[in-house]
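To start, the structure under review is shown below, and the notes come after it.
The values are calculated or read from the model by the stated rules, or taken from the named source; none is laboratory data. From a predicted model like this one, the values you see are computed outputs, not experimental measurements. Cβ coordinates were reconstructed from backbone atoms using ideal geometry, including for glycine residues, and neighbour counts include every protein chain displayed.
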Amino acid sequence: MVADTSAVLRWIDAHFDDSVARLRDFLRIPSVGADPAHDADTRRAAEWLASELRGIGIEASLHDTPGHPMVVGRAEEGRGPRILYYGHYDVQPPDPLELWQSPPFEPVVVEGPHGPRIVARGAVDDKGQLLTILEALRAWKAVHGALPVPVTVFVEGEEESSSTNLEPFMEGHRGLLAADVVVVSDTLMPGIDQPAITTRLRGMVYAEVTVGGPAQDLHSGMFGGAVVNPIHVLAALVAGLHDDHGRVTVEGFYDRVQPLSPEERRSWRELGLDEGAILAAAGVDRSVGE
């Protein structure tokens, strides 16, 4: 039996101002995780989240790491697959401050092209998205008394600095974080009126390349043009990773890549993305790659 969501949506509309007030409180915490000067603020953001989860009726705890604490909330309610919601409470540094039209940690409401919006550091990465999860859980419990399925909320404080302690924590807490479905809150929507559930993201590969050269620094006036410059070699390596059409040239890169299915192509077309608008937002006049 599918639970009724209409009452939950009405509750959300009726308490919208309260939700916005909580978001603004969250945004006021300068949780710049990569800056040791903000370590206390970053922990305060974690404690704020745990307190909010408990206020909703979800058991929550902080787990210390060599860096910033992990926040884990668990609700043992309902039946069916367990959903784990992931997000992060740390934000990017606000520098350069002179480019801000308002203080980065004093959220203000401004009129945007699609209506009013909140401007503050972290509003869209990732505090705004993260709070949508908490507010949805709050609304459901307020209306129905209990969640329909077991839920875990998992929030870290180092996403903006390579998530150094994320993997070790996950390896050491497999039981605590075990889930059937993972929903990542740190994504965007195609448009203001087009909500989205992101099903896949681009990957990333890290590599360290060492290029050898002369045994000591050389004067360009004496040796330039006669001795290979390692920087030129490295630049050629990087440039050679793609061909003129943007395809990756690394041998074997595409061996296990599955072709797009007709259903995937159709769903992409139905998104109605405006290539011109995307290029305009990036400040370029043409796209590249696949």
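Things worth noting here:
- Unique match (being out of contact with any Pro (no Cβ under 8 Å at 6 or more places or on another chain), closer than 23 Å to Gly203 by Cα, surrounded by fewer than 20 Cβ atoms within 10 Å (Cβ to Cβ) and at pLDDT 95 or above) among Leu99, Leu177, Leu130: Leu177
- Any chance Val109 is in a strand (DSSP E or B) and closer than 25 Å to Thr5 by Cβ: no
- Residue count for the stretch 167-195, restricted to those that are without any contact (Cβ under 8 Å) to a residue 12 or more places away in the chain and within 14 Å of the chain's Cα centre (by Cα): 1
- A search for C-beta distances below 9 Å between a residue of the stretch 270-289 that is hydroxyl-bearing (Ser, Thr, Tyr) and any residue that is in a loop (DSSP other than H, G, I, E, B) and surrounded by 10 or more Cβ atoms within 10 Å (Cβ to Cβ), counting only pairs 6+ apart in sequence or on different chains, returns Ser287/Gly246.
- Taking the numbered list (1) in contact with a Leu (Cβ under 8 Å, 6 or more places away or on another chain); (2) crowded, with 17+ Cβ neighbours inside 10 Å in turn, Asp90 passes all entries but (1).
- Unique match (being among the aliphatic types (A, V, I, L, M), in contact with a His (Cβ under 8 Å, 6 or more places away or on another chain) and either over 27 Å from Val8 (Cβ atoms) or crowded, with 20+ Cβ neighbours inside 10 Å (or both)) among Val155, Val151: Val155
- Which listed residue is modelled with pLDDT under 95 and acidic (Asp, Glu), from Asp35, Asp4, Asp39: Asp4
Yes or no, residue by residue, for (1) part of a loop (DSSP other than H, G, I, E, B); (2) closer than 18 Å to Arg44 by Cα:
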residue: Pro116; (1), (2): no, no
residue: Gly122; (1), (2): yes, yes
residue: Gly128; (1), (2): no, yes
residue: Ile133; (1), (2): no, no
residue: Lys141; (1), (2): no, no
residue: Val153; (1), (2): no, yes
residue: Ser163; (1), (2): yes, no
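- Test: residue in the stretch 67-84 that is part of a helix (DSSP H, G or I) and either modelled with pLDDT under 95 or among the β-branched types (Val, Ile, Thr) (or both): no
- Note on the stretch 105-117: among residues that are touching a residue at least 60 places away in the same chain (Cβ under 8 Å) and closer than 22 Å to Val32 by Cα, the one that is surrounded by the fewest Cβ atoms within 10 Å (Cβ to Cβ) is Glu106.
- The condition (being closer than 27 Å to Pro150 by Cα, touching a strand residue (DSSP E or B) at 6+ places or on another chain (Cβ under 6 Å) and either of a type in the set (Gly, Ala, Ser) or exposed (fewer than 12 other Cβ atoms within 10 Å of the Cβ) (or both)) is satisfied by just one residue among Ala7, Ala45, Ala14, Ala75: Ala75.
- One residue stands out among those in the stretch 17-42 that are farther than 16 Å from Arg138 by Cα and of a type in the set (S, T, N, Q): the one that is surrounded by the most Cβ atoms within 10 Å (Cβ to Cβ), which is Ser31.
- Among the residues of this structure, Ala146 does not count as one that is part of a loop (DSSP other than H, G, I, E, B), within 19 Å of Glu52 (Cβ to Cβ), touching a helix residue (DSSP H, G or I) at 6+ places or on another chain (Cβ under 7 Å) and in contact (Cβ under 8 Å) with a residue 40 or more places away in the chain.
- Residue within the stretch 253-268 that is surrounded by 10 or more Cβ atoms within 10 Å (Cβ to Cβ) and either among the β-branched types (Val, Ile, Thr) or touching a Cys at 6+ places or on another chain (Cβ under 9 Å) (or both) present: no
- Close pairs (8 angstrom Cβ cut-off, 6 or more residues apart or separate chains): under 14 Å from Glu167 (Cα atoms) and in contact (Cβ under 8 Å) with a residue 60 or more places away in the chain in the stretch 61-76, assigned to a strand (DSSP E or B) and among the charged types (D, E, K, R) anywhere: His68/Glu156; Met70/Glu156
- Ser51 passes every criterion in (1) free of Cβ contacts under 8 Å to residues at least 12 places away in the same chain; (2) farther than 16 Å from Val153 by Cβ apart from (2).
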